[in-house]
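Below: the structure, in C-alpha cells.
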Amino acid sequence: MSKKIKVAFVTPKMIIGGAESYIINKSNWLINNGFDVIIVSQGGENVSNLPNGVNHIFFDKISSSPLEFSYKDYSDFIEKLSDILLRNDVDVIEAHNSYPAVHVASSYKYTKIPFFINILNEVAYYRNPLLTILTKKLSCFGLFYVLSYEMNRYIEKRINFKLNPKIIPIPVKAISRDNLSLENKYILSVSRLSEDKDYVRYLIKDFYELYKINDKLSEYKLVIVGDGSLFESINVLANSLNKEANRNIIQLRGTLVGDDFETVYKNCSIFVGMATTLLLAASCGKPSVIAGSTPETNKFSWGLWGENDLDANLIGICSGKDRTSTSFQTILESLVECEGRLISSGNAAYKMFKENYDFGSIMTVWGNEYHLVIDTFLTNGVEIEKELNFLHLWRLFYREIRRVIKFLRL
C-alpha cells in the first residue's frame, strides 16, 4: 500500500478572502481523496472554517518580509519553520505569495522537503526582488504555478523574464442556484480590503455618482463584504457619502461566513470583483463585473465576465490587452437600465463557469501534480538546491549592509 502523502500549505493568513477559500476547498478535496493536510499561517477568522482533519499551525510573522528581521532573527525564524515542517512529516509544500514562498525556499537547506510556489495574486511581484529571483529559478524546473495565462503575462512583464509556468485554474465549489432571490436590489462586492484590492474605493465613488443622477439607482444599495487594513478608511468614505445622500445606500458588512456568506451572493442583483469571488458570483448566475486587479487598473471595470472568449482563462484584468476599460459608473448604468442585459450577462457567466471551472476535474489534476513535484526533487534536488544558494548569499549581503548602516549611525 502506497504511503499517504502529506501536503503543507504555507500561506500568509487565513482571513476571509478568495485565496483562503481556495485553500479550504483544496484541503477538503485532498482529505477526501487520501491526502493529509497541514496549514501554516498567521491565523485568522477562516481557520474555523477549515475542514475536519486539517491541522492548522499558527506561525507568527510568516507573512513578513525577510527585510523585517535581523540576520540572527531570520536564521532562528527559518529554523523554527523547518522544525515545524519536519516534525509534521510533510512530503510536499505548496507555498504562496508573497513571502511564505521565500521562507519555504530558505528552509529547504534544512528540510530537503519538495516544494513549489503557487501564485494566487500577481501583484506580489511589485517591488519584490526575492520573489522575482526565486520565480525565475523555480520556473526552470517546472515548480512555478499560476492561475491563468493572463496572470503569467503580467508577471513576465513585471520581472522582464520569459517563464515556464504550470497553469491550473482555480477549483471553485459552486454556490447552489437553489432559492435565488430576484427581489433584493443590491450590488455586491466581496473582497479583502487591502491596498492590492483598492478597486472598492473607486466602486463606491462611482456608485454614488450614478445614484445622484439616475433614478433607477434609488432602488439599489451597494453592499461591501470583507475586512482588511483599509476597512476604516473605506468605512469613513461610505459614511460620508451616506450622509450626503441622507440614506444608508452603501453598507459595509465586514466578515461573513457559512450560510450568510452564500446567501449574500444568491440575493444580489449584480456582482463586482475579481478572482475567486468573481467565479463564485458566476457560479450562481449573477452578472459579474470584472474589477481591475492591479494598482494601475483598480479604477476601471473591464467588462462582464463570461461575455468574452478570453474570460475562460481570466479571473482578473492585469492589462488592457484585447479589452476596453470603462468606469464602474458606466457599466453599472448599462445593467440597471436594461433588464435583458442583466439576465443575459448572468447566464453567460454561469455558462462559462460550468464549462471551465469544474471542481472535481481541476482537483484531480492537482492530486497528480503533488506527486510530480516530489518526483522532480528526486531527479533534480541537488541542482535545485544549488539554484537556491542566492538566498544565503542575499542574507550575508543584507547582514553586511545592516552593519554598515549601524556603523554610520554611531
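Just so it is clear, none of the values below were taken in a lab; they were calculated from the coordinates. None of the values given here were measured: they were computed from a predicted structure. Reconstructed Cβ throughout: ideal geometry from the backbone, glycine too, with neighbour counts over all protein chains shown.
Structure notes:
- Most fluctuating residue given options Leu86, Leu120, Leu332, as computed from a GNM of the chain linking Cα atoms under 10 Å: Leu86
- Mean separation of Cα contacts under 8 Å, 6 or more apart, over the residue count of the stretch 16-122: relative contact order %: 21 percent
- About the Cα centre, charge dipole magnitude for the chain (Lys/Arg +1, Asp/Glu -1 at Cβ), debye: 1060 debye
- Stokes-Einstein D for the stretch 186-356, Kirkwood Rh over Cα pairs, 4 °C, 1.567 mPa s (µm²/s): 82 µm²/s
- Under the criterion of Cα pairs below 8 Å and six or more residues apart, the relative contact order for the chain equals 15 percent.
- Debye log10 I(q)/I(0) for the stretch 162-284, one point scatterer per Cα, at q = 0.09, 0.14, 0.19 Å⁻¹: -0.28, -0.64, -1.07
- Residue with peak Gaussian network fluctuation, the chain [Cα springs, cutoff 10 Å], from Leu278, Leu230, Leu193: Leu230
- Gaussian network model of the chain, springs between alpha carbon atoms under 10 Å - residue of Glu355, Glu79, Glu209 with greatest fluctuation: Glu355
- When the helices of the chain are scored as -39500 (n - 2.57) per DSSP H run of n ≥ 4 and the total is divided over every residue, the value at 222 nm lands at -15000 deg cm²/dmol.
- Rounded to 5, percent antiparallel among DSSP beta bridges of the stretch 186-356: 15 percent
- Fraction of antiparallel bridges per DSSP, the chain only, in percent to nearest 5: 10 percent
- Under 20 Å from Lys243, Cα to Cα: aspartates and glutamates that are on another chain or at least 8 residues apart: Asp206, Glu209, Asp215, Glu219, Glu232
- In plain terms, if you count all Cα to Cα distances in the stretch 28-162 and split them into 5 Å steps from zero, the share in each step is 2, 9, 18, 21, 20, 16, 10, 3, 0 percent.
- Among Leu378, Phe390, Phe9 the positive-end extreme of the charge dipole of the chain (Cβ point charges): Phe390
- Rel. contact order, % - alpha carbon contacts under 8 angstrom, at least six apart, the stretch 91-189: 22 percent
- Relative to the compact-globule estimate of 2.2 N^0.38 Å, the Cα radius of gyration of the chain comes out at 1.02.
- For Val37, residues with placed amide H under 5 Å, excluding near neighbours: Val7, Asn55
- When the Cα positions of Leu335, Asn246, Met352 are compared along the charge dipole of the stretch 186-356, Asn246 comes out farthest toward the positive end, with charges on each C-beta of Lys, Arg, Asp and Glu.
- Subset of Lys157/Lys197; Lys136/Lys386; Lys4/Lys26; Lys26/Lys61; Lys80/Lys137 violating a 22 Å alpha-carbon distance limit: Lys26/Lys61; Lys80/Lys137
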